[in-house]
1. State whether the residues of the range 87-109 include one that is assigned to a loop (DSSP other than H, G, I, E, B), out of contact with any strand residue (DSSP E or B) (no Cβ under 7 Å at 6 or more places or on another chain), closer than 20 Å to residue 6 by Cβ and not basic (Lys, Arg).
2. Tell me yes or no: at least one residue of the range 92-104 is at pLDDT below 95, in contact with a Phe, Trp or Tyr (Cβ under 8 Å, 6 or more places away or on another chain), closer than 30 Å to residue 189 by Cα and among the charged types (D, E, K, R).
3. For residue 166, indicate whether it is farther than 23 Å from residue 58 by Cα, basic (Lys, Arg) and modelled with pLDDT of 95 or more.
4. Which of the residues spanning the range 112-151 are of a type in the set (Ser, Thr, Tyr) and surrounded by fewer than 20 Cβ atoms within 10 Å (Cβ to Cβ)?
5. State all residues of the range 11-41 that are acidic (Asp, Glu) and at pLDDT 95 or above; if no residue qualifies, say none.
6. When the range 141-198 is examined, which residues are found to be in a strand (DSSP E or B) and of a type in the set (Lys, Arg)?
7. Of all residues in the range 1-50, count the ones that are among the aliphatic types (A, V, I, L, M), within 16 Å of the chain's Cα centre (by Cα) and surrounded by fewer than 19 Cβ atoms within 10 Å (Cβ to Cβ).
Amino acid sequence: MTQQVEAHMTLSLEGFGTGVNQTMERPFGDGDGESLHRWMFEDGENNKAEMAAITDYGAFIMGRNMFGVGTGPIDPSWKGWWGPNPPYHAPVFVLTHHPRESIAMEGGTTFHFVSGGADVALERAREAAGARNVVIAGGVTTLRNYLNAGAVDRLFLQIAPMLLHRGERLWDGLTAQLEPEAARHTRLATHITYKVVR
């Protein structure tokens with residue numbers, strides 16, 4: 001089977017994937033951004049398949065603010081939000097303008113910092129994944145850019161039944177065409193699978 005590039009993201013009903021004013025203490029920004037992910041923590045049993053799918057990849061790509069806050073060089077002591085054993089257990093390529101040495105973590109996760117741009121990160125992730133698929137893990141701007149570039153084959157959205165009112169919205173500036181393939185609802189999320197039309 002041909003290697004695929006997929007993406008997962010949880011959004012509010014209006015399409016916001018995170019709030020504003022992100023800080024180290026508030027990774028989802030002001031407001032109630034953390035509640036977007038209640039479906040994982042409060043109703044995990046009913047969402048096991050979707051939770052498992054998020055980390056079932058040979059390599060991951062994420063934006064700089066998904067790894068850590070700010071626009072300048074990342075604090076050398078910062079190793080991400082996830083503790084000593086992040087859930088990825090595979091190479092993770094972090095887009096940044098500031099090169100940094102790779103960080104090997106427990107469980108097989110290694111964060112690589114890519115300053116050569118989105119195409120370079122995707123090329124490296126494809127190579128690292130081997131026969132497995134690659135995923136765009138977020139955040140919102142990173143996902144939108146890969147979607148608009150035609151680099152994503154399939155998009156998995158989890159729509160939380162809540163309003164954030166402000167933040168970073170996936171739909172703003174999105175030019176990719178999405179064709180729904182499947183949908184399933186649970187108490188705290190509606191899971192929708194889209195094929196990205198080329």
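1. Within the range 87-109 (the criterion being assigned to a loop (DSSP other than H, G, I, E, B), out of contact with any strand residue (DSSP E or B) (no Cβ under 7 Å at 6 or more places or on another chain), closer than 20 Å to residue 6 by Cβ and not basic (Lys, Arg)), the answer is yes, since at least one residue qualifies.
2. no
3. In short, no.
4. Matches in the range 112-151: 115, 141.
5. The one that is acidic (Asp, Glu) and at pLDDT 95 or above: 14.
6. Across the range 141-198, the qualifying residues are 154, 169, 184, 195.
7. Looking only at that region, the number is 1.
Residues checked against (1) of a type in the set (D, E, K, R); (2) in contact with a strand residue (DSSP E or B) (Cβ under 7 Å, 6 or more places away or on another chain):
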position	(1), (2)
154	yes, yes
161	no, no
167	no, yes
175	no, no
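The values are calculated or read from the model by the stated rules, or taken from the named source; none is laboratory data. Small disclaimer: the values here were computed from a predicted structure and weren't measured. Ideal geometry is used to build each Cβ from the backbone, glycine not excepted, and the neighbour counts take in all protein chains shown.
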